[in-house]
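As C-alpha cells, the structure follows; a few thoughts come after it.
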Amino acid sequence: MGGLSPLDFGLFMAYILPGFVAVFALTYISPWARQVFNLVLSKDSSVGATFIIFLAALAIGIIVSALRGLVLDAIQFKSGVSRLPQINLGKIRDPNVLSAFKEAINNVYRFSQFYGNMAVALTMLLAFKFIIAGDSIASSWAVFTCLVITIVALVVSHRRQLKETYVAMSKILAESISAPTEGPEIHVAEKG
C-alpha cells in the first residue's frame with residue numbers, strides 16, 4: 001500500500017486541517033470541546049477521543065468550506081474574480097480530458113480550498129479568542145498580529161488560486177473562447 005493518493009491528500013488539506021483549527025477555535029467557547037481537545041493532548045489519550053476529534057475536524061472542515069463558498073467566494077466574485085465561461089461537461093467523457101480535469105482539481109483548486117478554508121478557520125479562532133472569550137489583544141498582540149497577517153495572506157492566496165482554477169478549467173472544458181456565463185468575463189493572458 002503506497003500511502004495517500006493526491007486526491008486523498010488534497011481532501012485532507014482542504015477539509016481536515018482547517019477543520020482541526022476550527023475545532024481548536026471552539027475550545028474558547030465550548031467547555032466540551034476544550035475537555036475533548038485536552039484529553040487528546042494528554043498522555044492518557046484514548047483512540048476514541050482522537051477519533052472524535054478527527055471526525056469533528058472533518059465535519060467542521062466541511063462546514064467551514066460551505067461558509068467559505070457562501071461568504072469568501074462571493075466576496076471574491078464581487079471584487080473581480082471571474083466566473084467560468086460556458087463549459088461542456090460532456091468533454092469529461094474523454095479520458096484525457098477527465099485526467100486533465102482531475103489534475104486541475106488536485107493541483108490548483110484544492111489549494112484554493114485550503115487557503116480559503118484556513119482563512120475562515122483562523123478568522124473563527126481570532127473571533128472566538130479575542131472577541132467572545134475576551135482575551136486581551138494587548139497581552140497577546142503578537143498572536144493577534146500573526147493571525148491577522150496570516151488571514152490576509154490566505155485570502156490573497158485564495159483569490160490567486162481561484163483565478164488560476166478558472167483559467168485551468170476554461171482551457172480544459174470551455175465550449176468556446178467566447179460566450180461567458182453571467183458575471184464578469186475571464187481574461188486569459190497568453191504566456192509567451
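In the complete set of protein chains, residue-level accessible area for PHE114 is approximately 40 Å², probe 1.4 angstrom.
Taking 8 Å as the Cα distance limit and 6 or more residues as the minimum spacing, I'd like the relative contact order of the stretch 93-157 as a percentage.
44
Our estimate of slack between ASN107 and VAL156, defined as 0.36 nm per intervening residue step minus the Cα-Cα distance, is 15.9 nm.
For ILE87, the residues whose amide H sits under 5 Å from its own are GLU175, ignoring neighbours fewer than 5 places away on the same chain, with H placed 1.01 Å from N.
The values are calculated or read from the model by the stated rules, or taken from the named source; none is laboratory data. No experiment lies behind these values; they were computed from the predicted model shown. Accessible surface is based on the protein model in full, side chains and every heavy atom, while ligands, DNA and RNA are left aside. Shrake-Rupley method; radii C 1.70, N 1.55, O 1.52, S 1.80 Å.
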